[in-house]
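These notes are about the structure you will find just below.
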Amino acid sequence: MNKEFFLAIEELEREKGISQEVLLATLQNALMIAYKKSTGNTADNVKIKMNPEKGNVKFYATKQIVAEVQDAEREISLVDAKTYKKSYKLGDTFELEITPKDFGRIAAQTAKQVVLQKIREVERDNSIAEFEDKEDEIQTCKIRRIEDKNVYVEIGGSQLEGVMLPQDQIPTEKYMVNDTLLVYVKKVKTSTKTAQVLVSRTAPGLVKRLFENEVPEIKQGIVEIKSIAREAGQRTKIAIHSNDPNVDAVGACVGARGMRVNAIVNALGGEKIDIILWSEDPLEYIAKALSPAKVLQVTALEGEKVAHVVVPDDKLSLAIGKEGQNARLSARLTGWKIDVKSESKATQDGEYNQTPSEEDFDD
């Protein structure tokens, strides 16, 4: 090491905010480890002195000066100590330099490694600090690698690496290295040495943030997102409500010629989106949630969040959806258990005996 090295440490403090004291203390520990490894000396009475002005590092064996030596490794007689320095007296700490002749090269290599590692740690900590505020936000990222079904991404050009676990990947999407993705930051996990950013393409939060970005009325609080139910890659139902009677919530979310909702659909790889008007009346809300199917009647089981729904015979499959998807998403959106029956079956069971009118739950 040399004077330039210690000047560089001062520069790091100014540029990257790395404390000289912290860096020098870390460096001392690393040099002590390097010394013991290179010499095989594992004694605990070895100390290190660094002189930034002269740019040197020296090691010393320390011993207590005593009248009668009982432990030769840790003690030295006053007579022997005086052969090195006549001013020594009983009780003083004796120091003998034991720096290996070729240790300068080892010290320089170790110092470089410590400084580079510290720079990486500081940059990582800065990135962590930045991303701790990014939870529940969407970020653009690039795929770095794919291992064991996990997709590892570089987030926003930062030093942090995010991971998209299999359950956070859309089954219909194929991921390739260098692909650019829009992801939802689920969690930033930090410890003293590591940081892990969990990202997702399947979280309902991704849909929520996309609508907030595309629809100014949502960001302004005029239109409110009440609930989202999603089966990623296939279909999403989103319930919205306008806090201003003069603002059409559905129209705001769809946009002129469907531009707003189409931008969201494209960002989700073609996923279908049902925009539902939320209602304070749970039965009306359930009827709307089953869109695009027409609903004839909704009744509630007293004391329980269970709804019996009647639909026209030719709309039963639409109401239930492929493999039950429409009914399943509607139940998750509303928080109610939904039992769907056709008009003929409900009439047969005595659960429906009225003639449907145009006013019955029309969208």
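Here are the numbers:
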{"quantity": "Percentage, to the nearest whole number, of Cα pairs in region 175-323 over 20 Å apart", "calculated": "58 percent"}
{"quantity": "Cα-based equivalent ellipsoid, region 1-143: semi-axes from gyration tensor eigenvalues, Å", "calculated": "43, 16, 14"}
{"quantity": "Choice from 248, 148, 133 showing the highest fluctuation, given a GNM over the chain with Cα pairs closer than 10 Å", "calculated": "148"}
{"quantity": "For region 140-200: rounded, prolate or oblate by the Cα gyration tensor [a/c cutoff 1.5]", "calculated": "prolate"}
{"quantity": "Value of relative contact order over the chain, rounded to a whole percent, pairs C-alpha under 8 Å and six or more apart", "calculated": "9 percent"}
{"quantity": "Percent antiparallel among DSSP beta bridges (both partners in region 3-130, rounded to 5)", "calculated": "80 percent"}
{"quantity": "222 nm mean residue ellipticity, helices alone, for the chain (DSSP H n ≥ 4; -39,500 (n - 2.57); rounded to 500)", "calculated": "-10500 deg cm²/dmol"}
{"quantity": "Nearest 10 degrees, 0 to 90: helix 103-131 Cα axis against the chain principal axis", "calculated": "20 degrees"}
{"quantity": "Cα pair distances in region 300-354, grouped into 5 Å bins until the bin that holds the longest one, percent each", "calculated": "5, 21, 26, 24, 18, 6, 0"}
{"quantity": "Crossing angle, helix 3-16 versus the chain [Cα axis fit, 0-90 degrees, rounded to tens]", "calculated": "20 degrees"}
{"quantity": "Volume in Å³ per residue [convex hull over Cα atoms, computed for region 197-263]", "calculated": "93 Å³"}
{"quantity": "Dimensions (Å) - region 267-361, Cα atoms, principal axes, largest first", "calculated": "46, 30, 25"}
{"quantity": "Acute angle (nearest 10 degrees) that the helix 20-39 long axis makes with the longest principal axis of the chain, alpha-carbon atoms", "calculated": "60 degrees"}
{"quantity": "Loop-located trypsin sites (Lys or Arg not before Pro) in region 298-332, at most 12 other Cβ atoms within 10 Å (DSSP)", "calculated": "none"}
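Readers should treat all values here as calculations from the given coordinates under stated rules, not as data from a laboratory. Everything quoted here is computed from the prediction, not taken from an experiment. FYI the Cβ positions are ideal-geometry reconstructions off the backbone, even for glycines, and counts take in every protein chain you see.
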